[in-house]
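A quick write-up on the structure given underneath.
The values are calculated or read from the model by the stated rules, or taken from the named source; none is laboratory data. The structure presented is a predicted model; accordingly, all values stated were derived computationally and were not measured. No Cβ is skipped: glycine too gets one built from the backbone with ideal geometry, and neighbour counts run over all protein chains shown.
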Amino acid sequence: MQFTGRGGSIQAFGLDLGYLMPYYFEFDSANRILRGRLEGKITDEALKEFYGLVGTYSTLTDPRASVLDMSSVTSLEVSPQTIRELANLPPAIADSSQPRCIIAESSQIYGMARMFELQGQETRPNLHVIRTQNEAWAILGVPRPKFEPIQMK
C-alpha cells in the first residue's frame, strides 16, 4: 500500500482509490519541518484520524519542528469535545520542546485551535496558533521552506 502527497490519494493493489482523506503530509528535508495540511470539510473523525497519523510521520521524518496548516479548510465540523479530547491526549510528537505551529486563518478555526492550545499547554508549551504561513516561517526561522510529499511504502 502506498500513501501519496496531495489529498491523501491511496493506492492499494495497483488500484487508485482516489481522494479519500482531507489531509496530507509534506516534509522540508533541508530545514527538517513536517507539515500536515487539512483541506475542505473537516469532521471529528477526520481530525482524530489525522492526529493519529502525526506520530507515524514524525517517526518517519524526525523533524525539528512541525506545522499544521488549516488555511485550506472550508468547513470545520468538529465539536469542542473532540478538541478537548485531542488536547488531553499525549502529544502526537513526543518532544515537548519542539516548536509547533497551527496556521488558522478563519476566526472559527483560530478559536478552535486556541482552545486546543490552552487545553494542552502543559504538554505542548511551544505551540503557536497563528494566522499566516509567514508567521510560522518567522517563528521557525525559515525564510522559504521547500516541502515535498512524503512517500510511505
Of all residues making up the stretch 25-46, the number that are surrounded by 18 or more Cβ atoms within 10 Å (Cβ to Cβ) and not in a helix (DSSP H, G or I) = 13
ask   = In this structure, is Ser71 touching a residue at least 40 places away in the same chain (Cβ under 8 Å), part of a strand (DSSP E or B) and among the small types (Gly, Ala, Ser)?
value = yes
key: Pick from the stretch 63-90, criterion within 18 Å of Ser29 (Cβ to Cβ) and aliphatic (A, V, I, L, M), ranking: farthest from the chain's Cα centre (by Cα)   = Ala65
message = For the list (1) of a type in the set (A, V, I, L, M, F, W, C); (2) within 22 Å of Ile33 (Cβ to Cβ); (3) in contact with a strand residue (DSSP E or B) (Cβ under 6 Å, 6 or more places away or on another chain); (4) surrounded by 17 or more Cβ atoms within 10 Å (Cβ to Cβ), I need the number of the one condition that Ile139 fails.
response = (4)
ask   = Within the stretch 47-77, which residues are buried (at least 20 other Cβ atoms within 10 Å of the Cβ) and closer than 12 Å to Pro22 by Cβ?
value = Leu47, Phe50, Met70, Val73
query = If you check every pair at least six apart or on different chains, which have Cβ atoms under 9 Å apart with a residue in the stretch 49-62 that is over 18 Å from Ala30 (Cβ atoms) first and a residue that is surrounded by fewer than 17 Cβ atoms within 10 Å (Cβ to Cβ) and modelled with pLDDT of 95 or more second?
reply = Tyr51/Leu89
query = Filtering the stretch 100-153 down to residues that are in contact with a Ser or Thr (Cβ under 9 Å, 6 or more places away or on another chain) and of a type in the set (S, T, N, Q), which residue is farthest from Ala30 (Cα to Cα)?
reply = Ser106
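Let's see how each residue does on (1) in contact with a His (Cβ under 8 Å, 6 or more places away or on another chain); (2) of a type outside the set (D, E, K, R); (3) modelled with pLDDT of 95 or more; (4) assigned to a helix (DSSP H, G or I):
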site	(1), (2), (3), (4)
Thr82	no, yes, yes, yes
Pro91	no, yes, yes, no
Ala94	no, yes, no, no
Ile109	no, yes, yes, yes
Phe116	no, yes, yes, yes
Pro125	no, yes, yes, no
Trp137	no, yes, yes, yes
Pro145	no, yes, yes, no
key: Of all residues making up the stretch 95-128, the number that are more than 19 Å from Pro63 (Cα to Cα) and either buried (at least 18 other Cβ atoms within 10 Å of the Cβ) or not polar (S, T, N, Q) (or both)   = 14
